[in-house]
Amino acid sequence: MFSNFQLLFQGLASAATPINLLSCLLGGVLGLFVGAMPGIGSVSGCSLLLPITYRMNPSAAIIMLAGIYYGNMYGGAYSAILLNIPGDSPAVCTALEGYPLSKRGKAGKALFTANFASFIGGTMGVFFLTLGGPLLAKIGLKFGPVETAALVLFALTSIGWMLGDSPTKGLIATGLGVILSTIGVDQSSGSFRYTFGSWKLLAGINFVPLVIGMFGFSQVMLMMRDEGVMEKAAAYKGRLRYKDCFLSFKETVRLIPQAMRDAILGQFIGFLPGAGGTSASLISYMMERKVNRNKALMGTDEGSYEGVVSAEAANNAAAVGAFVPLLSLGIPGSSTTAVLLGGLMAWGLTPGPLLFQDQPDFVWSLIGSMYIGNLLCLLFGILAIPFILNLLKIPNKIMAPIIAVVCVVGAYATNNNMFDVWVMLVAGVAGYVFNKHKVPAAPLVLAFVLAPIFEVKARQALEISRCNFSVFLTHPISCVFIVLTVAMLLTPVVMKVLKKGTGKGK
């Protein structure tokens, strides 16, 4: 343990060299911008910038790419809170809680909360990586296809009725998300599903146009519908002051324990192969909806700082946690770390247990740069708040077409394909209808992300066990999640029966 801290101090000294420090700063700033721009995301950002780093030394290159990765987690909150357009999938829950705060004139505080929670999550993630990366990776290896499928099934079962006022409407939205995720080529058999003879649907529905439409373009339609209300909101937005952007000391102290709790959960989920920041933010958000003392505000039109903290602390911790299996075992924990794995191999480095022995300078300079990078992202993010808040002073008659243009450009930029723009427009209309009938859109989007993971892992588990469904009960970890899933399904029924019994007793 002590030797780890000695190596960390050496890594911090290496990360503080001019070239590494500049790479860290550049990566973090680029990550903030990439995360705030819908349609790009950390995977695309790292992929586009990967060729540029080939001329750099390996340490500076990976430090820059890592900065883009966790900086993206910071940046995703900006468009989510200000425009209701999640910059990346982990920011969906942030939009759910942050945008209502923005409409109430608390955008500055919401942005500060997001940066503050991201810093705690990222820093704690790096601290756990410092203490026991190889040990944590061994725990993560216990989550095979059986355990991962049970975990995702639990999440899918939970999101429907935990993210909406009506469990029935929430489950309907979840079911629609699962159905949409099945469109395209079956990943296991290679057969076509629900393409209706259209080659454009062979690759399925892209996530980015879907989420931009459901959360962004639908907001444009709501602005056009509620013109009087929006003008009143615009007048209120003009009275925002910079000093109003900071949380009070009491509010900060109240949120710190929650941020640490969510960071621990996010770190654990992050080093599970294939889980990623989306699963971490979702599961953390659902947990807070059950245990937080202010849970009554979460998921309402009021918005809550606790909801923003749960999503941002967890997804930033998960982003760092994904480096645990990457560095310790050579297994990418997310799509972005898969890109980083390709970069490491291009530089002649082989991730795995021997990497810590053969290339300690490289590993610990990377870990040291994460401490510095998280601090730089926090400072830059807070300093940028007054400039970003100027967006809120733009009248809604100008803001609506700007958001519409951002939505179209973000959808088109995904694959340079007009079909994605049409998907975004249809999703926008669907989001508007959902809002009108008070059907939550978040369960649909989150189910769309999680369902393919469940399908792949469940099929792998059944292939390994030769279609023996009892395998989900014979593995201890998966059995626990199956029991929790059943309990989650029965809870609303039991509560309804208890309420009826109490009423009859009176």
| said: I'd like the Karplus ³J(HN,Hα) series for region 207-224: coefficients 6.51, -1.76, 1.60, θ = phi - 60°, whole numbers in Hz, and an x wherever there's a Gly or Pro. | reply: 5, 4, x, 4, 6, 5, x, 5, 9, x, 5, 4, 5, 4, 5, 5, 4, 5
| query | At a probe size of 1.4 Å, how large is the accessible area of F154, to the nearest 10 Å²? | reply | 40
| What ranking of C479, C93 comes out by heavy-atom accessible area, probe 1.4 Å, highest first? | C479, C93
| Which value, in Å² rounded to 10, gives the accessible area of R261 with a 1.4 Å probe and all protein chains present? | 100
| query | Quick one: which of 432-438, 463-469 comes out on top by average Cβ neighbours within 10 Å, and what's the full order, highest first? | reply | 432-438, 463-469
| note | Residues whose modelled amide H sits under 5 Å from the amide H of T182, counting only those 5 or more places away in sequence or on another chain, are none
| request: Could you sort out which of K103/K200; K106/K438; K142/K290; K200/K438 sit more than 29 Å apart by Cα distance in this structure? | output: K103/K200; K200/K438
| request: Working with all protein chains in place, sort K106, K397, K295 by solvent-accessible area computed with a 1.4 Å probe, largest first. | output: K397, K295, K106
| task | Given the peptides 77-86, 195-204, 378-387, 417-426, arrange them by the average over their residues of other C-beta atoms within 10 Å, most packed first. | result | 77-86, 417-426, 378-387, 195-204
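The values are calculated or read from the model by the stated rules, or taken from the named source; none is laboratory data. A quick note: this is a predicted structure, and the numbers were derived from the prediction, not measured. Cβ: placed from backbone, ideal geometry, glycine included. Neighbour counts: every protein chain shown. Each accessible area value is taken on the protein alone, full model and side chains, heavy atoms only, with ligands, DNA and RNA left out. Shrake-Rupley method; radii C 1.70, N 1.55, O 1.52, S 1.80 Å.
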